[in-house]
1. Shape call for segment 71-204 from the C-alpha gyration tensor, a ≥ b ≥ c root eigenvalues: rounded (a/c under 1.5), prolate (a/b greater than b/c) or oblate?
2. Ranked highest first by the average count of other Cβ atoms within 10 Å around their residues, in what order do 371-379, 389-397 fall?
3. Tell me the angle of helix 348-360 to the major Cα principal axis of the chain, expressed in degrees between 0 and 90 and rounded to the nearest ten.
4. Place +1 on the Cβ of every Lys and Arg and -1 on the Cβ of every Asp and Glu in segment 313-402, take the dipole about the Cα centre, and give the residue among THR364, GLY379, MET336 whose Cα lies farthest towards its positive end.
5. Could you compute the FRET efficiency for PHE121 and VAL245, with r as their C-beta to C-beta distance and R0 at 25 Å, rounded to 0.05?
6. Measure nothing fancy, just the Cα-based angle from helix 71-99's long axis to the longest principal axis of the chain, in degrees from 0 to 90, nearest 10.
7. Mind checking which of ALA283, ALA35, SER183 is farthest towards the positive end of the chain's charge dipole, using Cβ charges of +1 (Lys, Arg) and -1 (Asp, Glu) about the Cα centre?
8. What accessible area per residue, rounded to a whole number of Å², is obtained for segment 78-194 using a probe radius of 1.4 Å?
Amino acid sequence: MTQTTSGGGAPVPVQLAAPAAGPKGPRRLHRPHRAWAVAAVTFVTIVGAAAFASLPGLLIDPLHSEFGWSRGMIGFAVSINLALYGLTAPFAAALMDRFGIRVVVAVALSTISLGAGLTVFMTRSWQLVLCWGVLVGLGSGSMALAFAATVANRWFVTHRGLVIGMLTAGGAAGQLVFLPLLSWITEHHGWRPAAVTVAATALAVVPLVWLLLRDHPADLGLAAYGATEPTPKPAPVTGAAVRAVRALGQAARGGTFWLLACSFAICGASTNGLVKTDFVPAAHDHGLPVTTAASLLAVIGVFDIAGTVASGWFTDRISPRRLLAVYYGLRGLSLMFLPMLFSGSIHPSMVLFIVFYGLDWVATVPPTIALCREHYGEGSAIVFGWVLAAHQIGAALVAYLSGVARDALGSYDVVWYSSGALCAVAALMSLVVRRRPAPRASRPALAH
């Protein structure tokens, strides 16, 4: 290619040479679809927001020592956080339809930063409930898995299960990155610098979201990944709260919703409410240093990433009902054995539990989202928000009750055994979920 200039030195447009022809015609340079860039930004955002979720389990002993608050009281604040995390999710999904993903996520991250930052000034237990329970709970609820489901549903037609698995793994990646760091900060410098670290991390992600995240492929004149033609951007939907409640009312008329909600409540009880909240203090009760216990919990996050991405891949190929039954059944068995594995040092049996449980931790999310999409169509993100609310209510109940059990019984053993039994119930519920028949043209999106 040659370039010429006019007499004034300005470049004159020239016609570029055509690409060299190969044996099968002209060669073209293929850029990755923009959907993958949006998924990457979403992943980083979830990683940043996940920093706050790593802290509550590390706060139980320091707050108990400094303020004399009971573990049940601290667990109550954590339970408010977990409950609001779930109850906010369906409304956040509707707000994303009204105001856009970028605005809702940026406000949510700012709220998380505010709540975490204000905790350094607290002196009373109600302030812990307000800051960590209410503010961080509301902000994190807007960053819940409904966010991942909304991005995957809008930007992808093919590989949705894989993308949801990757985005869900972002929470585990955040746990992996921040949990050892926060445990080290808490042990050597106190819990306040750890809270400030969480606040700063959430705030630092806001510019990235605002500059790079986009709401819909139509904003860039693109089709969703795997679609044959562009999909017009839907008009903003008003009445977010009414729409979220209406979606719940329509979905709750069928038994499928209740099976999904109850099984996912058990999922939350056995993960966020139990292991994420109580594993570190339970291990510390048996003489294991806090930093070592936190590192084990972080290693769960390593295998969680692999397990969740693999689960997304399996969900595109295997019945989600069967996957859920297997996941819940194996999780229940592992929790039954956990009380016998605690000791003052790391041993091979505990490492085996960490690997096994990590692979299963959030593997339930891709098949649960797939079932919601199968049964509720375009309204699936909001319905999944309500299923996620059940997940967090289960987590909230166990986070509170486990603290009460520890105060009353001196150990967490009864909670581990109870959660293992509940996982067996969740496995049976998953098998009962029926397959939806092929939809008719006149069938409404939310018919269950």
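1. Numbers: a/c = 2.18, a/b = 1.61, b/c = 1.35.
Prolate shape, in that a/c is at least 1.5 and a/b is the bigger ratio.
2. Working: 371-379: 21.8, 389-397: 26.6.
In decreasing order of mean packing, 371-379, 389-397 become 389-397, 371-379.
3. The answer is roughly 40 degrees.
4. MET336
5. Working: r = 36 Å, r/R0 = 1.44.
Rounded to the nearest 0.05, the efficiency is 0.10.
6. 20
7. Of the candidates, ALA35 comes out farthest on the positive side.
8. Values: 3760 Å² over 117 residues.
Using a 1.4 Å probe on heavy atoms only, each residue of segment 78-194 averages 32 Å².
The values are calculated or read from the model by the stated rules, or taken from the named source; none is laboratory data. The structure presented is a predicted model; accordingly, all values stated were derived computationally and were not measured. Neighbour counts run over all protein chains shown; Cβ positions are idealised from the backbone, glycine included. To get the accessible areas, we keep the full protein, side chains included, count just its heavy atoms, and leave off ligands, DNA and RNA. Shrake-Rupley method; radii C 1.70, N 1.55, O 1.52, S 1.80 Å.
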